[in-house]
Structures are given as structure tokens and as C-alpha cells.
Amino acid sequence: MNKMIKDFLRGLWDEHPTFRIMIGMCPTLAVTTSAINGMGMAIATTFVLICSSLLISMLKKVIPGGVRIPAYIIVIATFVTTVDYLMQAYTPDLHEALGVFIPLIVVNCIILGRAEAYASKMPVIWSAFDALGMGLGFTWGLTLIGSIRELLGSGTIFGFSVAPDGFTPFAILTSPPGAFITLGVLLALMNIISDKIAQRTRANQQKTAS
Amino acid sequence: MNESAKMIVVLTIIAMISGLLLAQVYHLTYDRIQLGKAQALRGSILAALPGAVDFRVIEAHPVGGLEDDRSTLRSKPGSDSDPLLLFQGLDENGDPVGFAYVCEGVGYGGIIKIMVGVNHTSELISGVAILEHVETPNIGSLIENESFRNQFVGKGTADPIALGQDIDRITGATVSSRAVTEAVNRDLSNALQAYKEAITNE
Amino acid sequence: MEYLLLFIGTVIVNNFVLVQFLGICPFLGVSKQVSTSVGMGIATTFVMVMAALASWLIEHFILVPLDLVYLRTLSFILVIAALVQLVEMFLHKSIPGLYRAMGIFLPLITTNCAVLGLSLNAVLRSYNLGESLVYGFGAGVGFTLALILMAGIREELEFADIPKPLKGAAIALITAGLLSLAFSGFAGMI
């Protein structure tokens with residue numbers, strides 16, 4: 001049980017898809033012009049990730065090893081197309097804002113990566129938890145990047161104006177170069193935080209040892 | 001059963017189930033997607049034609065430059081024999097207010113689709129609505145703002161609409177501003193001519 | 001002339017990697033050395049042109065006539081995966097030298113979202129066959145260009161004194177941001 005929780009939490013920090021392993025970068029950079037777009041994209045991806053991890057884990061005995069990659073791709077593409085049509089029907093504005101990046105969830109390395117590395121070997125429930133952890137990690141990552149770019153780039157968060165009067169937005173942050181630079185700076189900050197945490201644990205260990 | 005036969009069978013079954021599922025999803029969401037699109041189209045037509053409460057579609061013959069234009073102007077892109085779609089706005093009494101047409105410009109991020117409304121009697125632009133765009137948020141996307149779009153109101157075919165003189169460009173978004181202005185300019189007289197021909201033939 | 005404009009527009013103005021964020025994973029992963037990025041770029045360009053051709057044929061001879069547009073994403077990605085396999089087998093058999101040079105990159109191309117992205121974009125923009133091919137080639141050249149530029153800069157960065165937290169991916173992303181800024185200067189050229 002403990003191990004399952006550990007596997008679940010891993011996606012949220014230690015093996016965070018965006019800030020640690022750096023996979024699924026295309027949507028991370030492209031659609032995070034606002035908090036809501038980033039979150040919408042991440043939730044759609046999480047949905048596909050959980051569904052396909054569950055199904056692939058269930059089918060792991062049925063699918064012969066030689067054709068497993070094409071089989072995974074079919075499963076993933078089916079869920080992606082389903083999400084695509086559902087979003088087009090029920091959230092047309094978000095669907096339009098995310099555009100071609102919705103069908104491109106198919107080639108998001110997080111999903112195929114989890115299928116190959118985890119779901120194809122582990123029991124169904126474990127796979128679901130692993131997928132949920134990775135999905136939530138992706139969601140907070142994209143929402144954070146989207147919020148920062150929206151806050152500094154347009155002075156709003158989730159569409160609500162929060163900036164004081166006279167604030168001139170740094171419009172560059174919502175443009176393509178801003179995406180790269182925001183993520184680069186965030187990664188550097190993450191490195192500093194991780195270093196601090198590592199130092200503190202080392203100091204604590206030394207204290208308990210002596 | 002040998003290994004490769006099993007591979008083919010499993011893959012085929014998965015693909016078939018997937019195809020059947022997707023067909024279901026497609027049919028279940030079809031009506032709602034079409035409804036959403038129709039509402040969006042209706043909204044932009046009525047926005048471009050103040051005073052209109054309803055509209056009807058007119059199939060006109062493409063004139064001049066419109067023929068080469070790859071846009072929703074034609075019901076099916078790619079064949080030249082297809083009619084050009086114009087939207088005639090109608091007021092409460094069912095009298096024509098004007099017509100609207102769709103044109104496209106290439107902006108900073110990609111194609112911008114614009115709905116242009118033209119008044120029936122004055123033959124001047126009565127409104128402009130942006131249907132689709134992928135411009136940068138808060139820079140190019142400001143073409144959606146009323147303050148930019150309303151600059152086109154009252155302009156006509158008499159003299160070309162010039163960016164910088166008739167239309168103030170959006171700061172930092174010259175490309176997007178120019179794309180909209182040029183698209184409106186390019187098709188206005190052709191669309192007007194096509195509309196006149198279509199209503200006299202009716 | 002129109003084809004030339006489309007080509008330049010795809011390579012520079014709407015560069016796949018730096019402006020449209022397609023193919024970021026290989027862009028950050030394989031851009032450490034100029035020599036490997038040239039190999040990756042050529043392999044990707046080749047697959048992209050083939051994918052543009054294949055997706056155009058599927059769209060116009062299978063999906064639209066049979067009213068199966070909901071299978072677009074599924075069929076395109078499968079065809080790209082098959083295409084990459086075919087290219088791999090063909091190179092392995094007939095041009096082993098080139099295969100040795102490009103071999104390790106080929107499997108990565110299937111999950112390069114620039115390839116699927118270009119196939120889908122070409123259909124959504126209703127390009128004809130000629131335009132699709134030019135678009136595919138332009139996408140590949142643009143990808144290669146971005147990759148080589150980035151690799152050239154990163155080779156120099158090896159010798160630079162970078163603050164510790166910025167080392168690795170962080171400085172690479174900021175570099176990419178500056179490159180993207182430079183490319184945004186081309187906007188409005190066409």
C-alpha cells in the first residue's frame with residue numbers, strides 16, 4: 001500500500017513530467033498562454049492518460065509483445081479522438097483555443113511512456129494511481145505556467161483582472177519567446193528549491209548521526 | 001495459433017473495436033457540435049449586421065478574386081463550380097438589412113477568418129466580426145476588440161481602406177491589423193457585386 | 001511563386017519549433033551536437049515529406065469518400081508509425097551507411113509531434129497535394145534549421161560559465177526563447 005502511494009506521489013514532484021523528466025513539452029509551451037488553457041489541456045491529457053493506462057493494464061496479457069506499440073497507439077488515439085469530439089461539443093471555446101494540440105495528445109510522450117514503462121507491467125489499480133499521479137503533476141505544472149504567463153502577460157488570472165491600475169502587462173510573456181523563457185526561469189527556480197531541500201535533509205541527517 | 005497470426009488477429013480486433021467506438025462518439029456529439037457551430041455563425045452574422053434579427057443564405061456566383069480564395073466563402077473548398085455563400089440579414093419585417101460575407105487574411109499566428117457585414121442601401125460596411133484567429137493573446141488578439149473592429153463601419157468601395165489613415169493599427173500588432181484590413185479590402189467590391197447579381201436574379 | 005511563399009512562411013515565419021512549438025522534445029533532446037542534429041534533421045525532413053504525401057492520399061481517397069473523418073487522428077498516427085518502420089527497413093537494406101548515421105533517430109520520429117501536427121494542419125487548411133508536399137518539406141527544413149542553430153549555440157555553452165541552477169535544461173530553454181525572439185522578427189515578412 002505504501003509503495004502505491006509512493007508511486008502516486010512520484011509524479012507530483014520527484015518525477016514531475018514537466019519540471020523533471022521534461023516530456024510532453026509541446027503542449028506545455030504552446031497552450032499555456034492563460035491559466036485556463038493550460039489547465040484544460042492538462043485535464044484532457046490526464047483523462048486520456050488514466051483511461052489508456054487502465055485499458056492497457058487490463059489488456060497486457062492479451063496484446064502480443066510484437067505489436068504492443070501499435071496496439072497502444074490505437075488505444076490512445078481512440079481516447080484522444082473521443083476527448084476531441086467531447087470538447088468540441090461541450091467546451092467549443094476551449095477546443096478552439098487549444099486547436100491542433102488536442103489531437104496531438106496522441107504523441108504526448110507521457111502517455112506512451114507510462115503505458116510502456118508502467119501500465120504494461122503492473123496491476124490495473126496500480127496503473128490507475130500512477131496515471132493519476134502523473135496527470136495531476138502535469139496539471140499543476142501547466143496551470144502554474146499558464147497562471148504566471150497570464151498574470152504577468154495580461155494582468156489577469158483565470159480571466160479575472162487582478163493587476164493594480166497602471167500595471168503594464170509584459171505582453172512578451174504570452175508570445176512564443178515568453179513560453180521558453182518562463183519555463184527556463186521556472187526550471188532554474190525548481191533547481192534552487194531542490195538544492196535547498198537536499199541540503200536541509202543532509203544537515204538533518206548529520207545532526208541525527210552526531 | 002502461431003505468433004504472427006495472433007498478432008494480426010489481436011491488432012485487427014482492437015482496431016475494429018476502436019473504429020466502432022469512435023463512430024458512436026462521432027454520431028453522439030455530431031448534433032451538438034453542429035448546433036454550436038451554427039450558433040457561433042449566427043452570432044457573428046447578426047453582430048456584423050446591426051438591426052438584423054434573422055438571416056438567410058444566398059448562393060451567389062463567385063466574382064473575380066473570390067474564386068481563388070480558399071475560405072468558407074464556398075461551401076466546399078477546392079472546386080470552382082461551387083456557389084459562393086452570402087448571408088442576407090433580415091429585420092423584424094423580413095426586409096433585407098444587408099449581407100455578410102466571410103474573408104480570410106494571414107496574420108501573425110495563422111489564418112484569420114473575418115465576417116464582414118455590408119448595409120443593403122448604403123452599400124457601406126455595417127460591422128466586422130472576427131470568426132477565428134490564432135493571434136498572440138493581448139497583442140494580435142486585440143483585433144477582436146470593438147474599438148478596432150468598429151473603425152471599419154461606414155467604409156465603402158469608393159476608396160480603398162488604408163491602414164494608418166482609415167484604420168489605426170494596434171500597437172505591436174501591425175501584422176494582425178494589416179491582415180484584417182487587407183482581407184476586408186480585397187473582397188469587398190467583389191462580394192458586393194456578387195450580392196447584387198444574386199438578388200437581381202432572384 | 002505561391003509555393004515559394006508557403007515554403008518561406010513555413011521555414012522561417014511560422015517556424016515549426018520556435019513559433020508553433022511542434023517537435024520540442026527532439027529539439028531539446030538531440031540538439032547537443034551539430035553533427036547529430038544534421039542527421040536527425042534530414043531523417044525527420046524525409047519522414048515529413050512522406051507523411052504529407054500519405055496523409056493527403058488517406059484524407060482524399062479514404063476518409064472523405066467513406067465518411068470516416070473521425071478516424072483521422074488514428075489513421076494518421078498509424079501511417080506515420082508504419083512509414084518510419086518502412087524507412088528504417090529500406091535504409092537498413094539498401095543504404096546501410098545512411099542507416100548507420102540516422103538509425104538511432106528513426107524510432108524517435110514517430111512520437112515527434114511535428115510530423116503528426118503537419119499532417120493534421122495540412123488537412124485542416126485544405127492544402128492541395130502540391131501545397132501539402134511543400135508544407136511538409138518546409139516543416140522539415142524549418143525543424144532542421146532550428147535544431148542546427150540550437151546545437152551550434154549549445155556547443156558554445158559547454159565552455160561558458162553558467163550559474164549552477166541554470167545549467168542544463170534551464171539555460172537551453174532560455175536560449176531557445178532568445179532564438180524564438182529572433183525568429184519573431186520575421187513575422188509580417190509575408
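Things worth noting here:
- In the set (1) buried (at least 19 other Cβ atoms within 10 Å of the Cβ); (2) at pLDDT below 90, the condition left unmet by residue C:168 is number (1).
Table: residues versus (1) surrounded by fewer than 22 Cβ atoms within 10 Å (Cβ to Cβ); (2) outside any helix (DSSP H, G or I); (3) within 9 Å of another protein chain (Cβ to nearest Cβ).
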residue	(1), (2), (3)
C:10	no, no, no
C:22	no, yes, yes
C:27	no, no, yes
C:35	yes, no, no
C:46	yes, no, no
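- Residue check, residue A:99 part of a helix (DSSP H, G or I) and at positive phi: yes
- Residue tally, condition of a type outside the set (Val, Ile, Thr), under 19 Å from residue A:83 (Cα atoms) and at the interface with chain A (Cβ under 7 Å from one of its Cβ atoms), over segment B:6-22: 4
Yes/no per residue for (1) surrounded by 10 or more Cβ atoms within 10 Å (Cβ to Cβ); (2) in contact (Cβ under 8 Å) with a residue 12 or more places away in the chain; (3) not in a helix (DSSP H, G or I):
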residue	(1), (2), (3)
A:140	yes, yes, no
A:143	yes, yes, no
A:164	no, no, yes
A:179	yes, yes, no
A:199	yes, no, no
A:202	yes, no, no
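- Test: residue A:124 is closer than 18 Å to residue A:50 by Cβ and of a type in the set (A, V, I, L, M): yes
- Options C:101, C:54, C:82: the member that is in a helix (DSSP H, G or I), small (Gly, Ala, Ser), farther than 30 Å from residue C:187 by Cβ and modelled with pLDDT under 85: C:101
- Residue that is closer than 22 Å to residue B:42 by Cα and surrounded by fewer than 19 Cβ atoms within 10 Å (Cβ to Cβ), where the choices are B:132, B:182, B:202, B:197: B:132
- Single condition residue A:136 does not satisfy, out of (1) of a type outside the set (Lys, Arg); (2) under 25 Å from residue C:178 (Cβ atoms); (3) assigned to a helix (DSSP H, G or I); (4) away from chain C (no Cβ under 14 Å): (2)
- The helices (runs of 4 or more DSSP H) falling completely within segment A:1-95 that include 3 or more residues that are more than 9 Å from every other protein chain (Cβ to nearest Cβ), closer than 30 Å to residue A:151 by Cβ and modelled with pLDDT of 95 or more map to A:35-58.
- Residue C:186 being touching a residue at least 60 places away in the same chain (Cβ under 8 Å), more than 8 Å from every other protein chain (Cβ to nearest Cβ), on the phi < 0 side of the Ramachandran plot and outside any helix (DSSP H, G or I): yes
- Number of positions in segment C:20-38 that are β-branched (Val, Ile, Thr) and closer than 14 Å to residue C:113 by Cα: 1
- Residue identified as modelled with pLDDT under 90, part of a helix (DSSP H, G or I) and more than 22 Å from residue C:67 (Cβ to Cβ) among B:52, B:5: B:5
- When segment A:113-127 is filtered for residues that are surrounded by 20 or more Cβ atoms within 10 Å (Cβ to Cβ) and either closer than 23 Å to residue A:180 by Cβ or among the hydrophobic types (A, V, I, L, M, F, W, C) (or both), the ones remaining, listed by number, are A:115, A:119.
- Cβ-Cβ contacts under 7 Å between residues 6 or more apart (or on different chains), taken from a first residue in segment A:47-64 that is more than 14 Å from residue A:131 (Cα to Cα) to a second residue that is polar (S, T, N, Q), are listed as A:60/A:120.
The values are calculated or read from the model by the stated rules, or taken from the named source; none is laboratory data. Computed from a predicted structure; not experimentally measured. Cβ sites come from the backbone with ideal geometry, for glycine too, and all protein chains shown count toward neighbours.
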